[in-house]
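Written below as structure tokens is the structure these notes are about.
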Amino acid sequence: MAFLIGYNDLEMSFGSQILFSGLSMSFSEGEKVGLIGSNGSGKSTLLKIFAGVMAPDKGNRLEKKHVRPVYLAQEDCFEPDKTISDITSEVLRGTAGDDAGMYSRGQKVIGQAGFPDPGLKVSELSGGMKKRLAITVALIRQPDLLFLDEPTNHLDLETIVWLEHILLNADFSFVLVSHDRALLNRVTNRTIELGDVYPDGYLKVEGNYQEFIEKRGIFIEQQLRQETILANKMRRETEWLRQGVKARTTKAKFRIDQAGKMGDELSELKRRNRQAGDVDIDFQSSGRKTKRLLEAFHIGKSLGGKMLFNDLSIALSPGIFIGLLGANGSGKTTLLNILEGRLAADSGHVKTVDDLSIVLFDQERKQLDPDKTLKRTLAPDSDSVMYRGNPVHVVTWARKFHFKVEQLDTPVSKLSGGEKARAVIANLMRTPADVLLLDEPTNDLDIQTLEVLEESLGDFSGAVVAASHDRYMLSSLATHILGFEGEGVVRLFADVDQYVNGMLEKNKKVVKKKPRDEAAEGTKQDKKKKFSYKHGFELAQIEEKIMIAEKEVGDLESELADPALAKEPERMSDVCRKLGEAQKQVEDLYDRWAELESMKD
């Protein structure tokens with residue numbers, strides 16, 4: 001692979017914090033790199049340095065001639081009064097100039113972005129649409145190497161899948177900083193993790209995130225074994241030195257020198273291995289074995305004249321994990337608030353067992369007082385917290401969540417997004433729960449924390465309902481998926497892939513609808529020529545086929561509504577699969593019916 005950009009002996013620090021020292025790294029053509037690491041490890045800084053946005057304290061930069069690096073920042077900075085068309089046209093003119101080929105490719109990028117109205121101003125765009133605009137602007141510049149810094153933060157799943165398609169088919173190299181493990185698995189062929197646990201400051205593996213996890217585990221295990229072997233060897237050398245052997249001979253002096261070097265190497269190994277510690281997340285379950293913790297019967301809710309969902313029934317039992325998927329604003333947060341009891345449904349009702357303990361993770365972190373210090377947030381009343389019936393000092397408690405002692409007097413308002421999320425999780429862990437309601441719990445968390453959170457949720461014996469765009473977590477943990485499809489439609493899916501495939505199929509139909517309608521505007525005479533006796537026979541039969549198919553959908557939906565089905569996960573999965581197939585058959589039959597009618601008229 002041809003070399004693009006690299007650095008030798010890279011150093012960067014902020015005040016007393018050293019991010020990199022002696023780091024050497026390069027990127028080449030064909031590389032699709034996932035760059036991961038804990039919060040504060042320097043991922044964003046490294047991207048800026050390689051993209052030329054920031055200068056390092058020290059380092060030798062090597063770069064291929066005429067290479068075009070492009071940087072996509074976490075935050076989007078566009079003038080609010082400019083339209084989508086204004087921005088994309090300006091960037092295209094500035095990039096392509098008089099190059100007709102580049103101009104044509106740039107226009108194609110704009111066309112594929114799928115903006116519903118290019119005349120909309122930036123101030124009128126949602127966060128997801130602004131990010132789509134930022135990604136489009138980066139692509140118009142036609143990079144050889146694209147640096148993307150957390151591009152999926154706070155995006156809905158539809159936009160994430162759109163970005164995934166772009167990166168899967170990219171003819172350029174890229175370096176992607178992301179905590180979206182499903183995205184990393186799908187689009188990358190190299191993975192780099194920054195961290196002090198590694199001798200070079202990072203570990204690079206050929207493969208995607210899943211392959212990296214396996215190889216990282218082997219590396220850490222070998223490094224720990226190496227420490228044990230070296231410690232035993234050092235113990236023997238120390239005993240030899242204690243015997244008072246004088247360094248009178250060259251051989252003895254060499255052995256003493258080697259023992260000194262061995263001690264330094266052992267100290268360095270111990271230091272690195274101690275960096276491998278994880279955040280300690282462990283939600284307390286009440287241990288209640290009641291079969292039905294919470295039931296929602298035929299609930300419906302509208303907000304601002306928009307129907308979010310209607311006639312929705314849910315039963316929560318220990319061990320159930322329901323994942324909520326859908327576009328931002330489709331009703332996921334509203335459903336969580338109704339289940340918790342802070343919001344009333346317009347129709348239907350919610351029934352809970354007596355003294356049900358519900359713990360809610362609020363994605364806006366409203367549980368946190370921005371003016372309070374971290375210490376008073378973690379331990380409101382004293383210098384300790386009660387956890388599983390035992391007092392834990394606030395310093396020890398803070399360290400469980402990777403907070404430093406010097407941060408305890410920091411106001412919550414000064415914490416990063418990931419630190420605020422960890423503070424919320426720390427507080428939730430103190431309360432034994434029957435039901436966990438999680439609203440985008442993975443936002444701003446680094447991958448190491450996500451892995452521990454996922455493990456803790458997997459061990460939780462109560463019920464969980466999680467609104468999340470983290471496909472990796474939902475694929476691992478969810479027993480059921482509820483898809484919020486808009487216009488009040490909420491459907492049950494067997495798994496995340498079934499929901500995503502349905503969403504993509506729906507989008508294809510929207511794209512194809514216009515050409516089909518235009519084709520239907522041909523002359524009446526042309527249509528009559530196309531409509532044969534065979535078509536007429538098919539049209540006469542199709543209404544009965546639709547009735548049979550709709551009855552099958554109704555029967556399967558009734559079967560899914562039976563609470564007893566929740567006790568049979570395999571049968572539940574089979575019914576969900578059959579329902580998906582039956583619903584698709586109904587849609588296909590209606591499409592064919594409309595096509596035949598248009599040919600006949």
Classify the stretch 23-117 as rounded, prolate or oblate, taking a ≥ b ≥ c as the square roots of the eigenvalues of its Cα gyration tensor: rounded when a/c is under 1.5, otherwise prolate if a/b is larger than b/c and oblate if not. prolate
Under Karplus coefficients 6.51, -1.76 and 1.60, residue-wise ³J(HN,Hα) of the stretch 49-56 in Hz, glycine/proline x: 5, 5, 7, x, 7, 9, 9, x
Mind listing the long-range amide H neighbours of Lys58? Cut-off is under 5 Å, sequence gap 5 or more, other chains count too, H placed in the peptide plane at 1.01 Å from N. Glu11
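Sorted by accessible area (1.4 Å probe), largest first, how do Lys131, Lys58, Lys32, Lys404 line up?
On the way: Lys131 10, Lys58 95, Lys32 35, Lys404 120 Å².
My answer, sorted largest first, is Lys404, Lys58, Lys32, Lys131.
Report the relative contact order of the stretch 116-225, percent, no decimals, based on alpha-carbon pairs under 8 angstrom and at least 6 residues apart.
Details: 93 pairs, mean separation 20.0, N = 110.
Relative contact order, the stretch 116-225: 18 percent.
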Residue-wise HN-Hα coupling along the stretch 108-124, computed from phi with Karplus coefficients 6.51, -1.76, 1.60 (Hz; x: Gly, Pro): 5, 4, 4, x, 7, 5, x, 6, x, 8, x, x, 5, 7, 4, 5, 9
Cα-based reach from Lys404 at 16 Å (exclusive), listing aspartates and glutamates while leaving out same-chain residues under 8 positions away: Asp278, Asp280, Asp383, Glu419
Ignoring everything but the protein chains, give the 1.4 Å probe accessible area of Tyr198 in square angstrom, nearest 10. 10 Å²
Note, ³J(HN,Hα) from phi for the stretch 409-415, Karplus 6.51, -1.76, 1.60, rounded to Hz, x at Gly and Pro: 8, 7, x, 4, 4, 8, 6
In this structure, among Lys58/Lys82; Lys289/Lys578; Lys32/Lys65; Lys215/Lys506; Lys43/Lys131; Lys372/Lys400, pairs with alpha-carbon gaps over 27 Å are Lys58/Lys82; Lys289/Lys578; Lys215/Lys506
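The values are calculated or read from the model by the stated rules, or taken from the named source; none is laboratory data. Since we're looking at a predicted model, the values are computed, not measured. Surface areas here come from the heavy atoms of the whole protein model, side chains and all, with no ligands, DNA or RNA. Shrake-Rupley method; radii C 1.70, N 1.55, O 1.52, S 1.80 Å.
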